[in-house]
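Okay, structure first, notes after.
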Amino acid sequence: ALQMDKIYNLGLIVGRFQVFHLGHEKMIKTSLQLSNKTIVFIGSAQESMTQKNPFSYEFRYNMLNVVFADEIKSGALVIKPLNDIGIGNNNSWGKYVLNNAFDIFGKYPDILISGKEARRINWFDSESVKIAELYIPKEIDISATDMRQQLIENDFTGWKSYTNQKLWRDFQGMRNIVLASQNNKETNSI
């Protein structure tokens, strides 16, 4: 069958995924529906085993790969690491993200898909690159911070209600990592 072009050429999602949850999954699915290709940058890629970023880039990549293996194999979904550049510099952060996407694809993304977070709104305000921004409202009130707490408290029932079923078998492994990282409060992430 002839593949019809989608509305956007290249979708962009940036997240730390310091537990990959159903809200993240919805953002990626939305981008896949709207865009011919989607790039997901896993932020704070350089950091692991800290309270804020317990999971390594590789671990987070594997979580996304468990859920989106087919889309990754087909090339519709591309996942790459994105290291931090320092806290609080929003305008240069937007440029940094866009330049990283350009380095990979030779073109800029034309839509950013994210959750509605105030600090994200002005990432691209001063950029010459024109990028549409789609904010996915939170249908479920969950944050990765809350989910890390569920891991600490061994609350499998609560945790699994926000998590793709394919990841349920990783609960204990994730719990062990979060527990081992709990007291390391150092962070370079935003």
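Quick grid of which residues meet (1) at positive phi; (2) open to solvent by less than 60 Å² (accessible area, probe 1.4 Å); (3) part of a helix (DSSP H, G or I):
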| site | (1), (2), (3) |
| --- | --- |
| 20 | no, yes, no |
| 25 | no, yes, yes |
| 33 | no, no, yes |
| 39 | no, yes, no |
| 47 | no, yes, no |
| 58 | no, no, yes |
| 78 | no, yes, no |
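Return yes or no: is residue 75 within 22 Å of residue 133 (Cα to Cα) and touching a residue at least 12 places away in the same chain (Cβ under 8 Å)? Judged against the criteria, residue 75 is not a match. Taking the criterion of being surrounded by fewer than 18 Cβ atoms within 10 Å (Cβ to Cβ) and of a type in the set (Gly, Ala, Ser), the only residue of segment 1-18 that qualifies is 1.
Scanning segment 5-18 for residues that are assigned to a loop (DSSP other than H, G, I, E, B) and not aliphatic (A, V, I, L, M) yields 5, 6, 16, 17, 18. The lone criterion from (1) in contact with a Lys or Arg (Cβ under 7 Å, 6 or more places away or on another chain); (2) without any contact (Cβ under 8 Å) to a residue 60 or more places away in the chain; (3) of a type in the set (Ser, Thr, Tyr) left unmet by residue 56 is number (1). Screening segment 84-190 for helices (runs of 4 or more DSSP H) wholly inside it with 1 or more residues that are at pLDDT 80 or above and open to solvent by less than 70 Å² (accessible area, probe 1.4 Å) returns the ranges 90-105, 144-152, 156-160, 171-181.
What do you reckon, is residue 66 open to solvent by less than 50 Å² (accessible area, probe 1.4 Å), in a helix (DSSP H, G or I) and farther than 18 Å from residue 101 by Cα? Yes.
The values are calculated or read from the model by the stated rules, or taken from the named source; none is laboratory data. These numbers come from a predicted model, not from an experiment. With ideal geometry, Cβ positions are generated from the backbone for all residues, glycine too; neighbour counts draw on all protein chains shown. Just the protein is used for accessible areas: all its heavy atoms, side chains included, with ligands, DNA and RNA removed. Shrake-Rupley method; radii C 1.70, N 1.55, O 1.52, S 1.80 Å.
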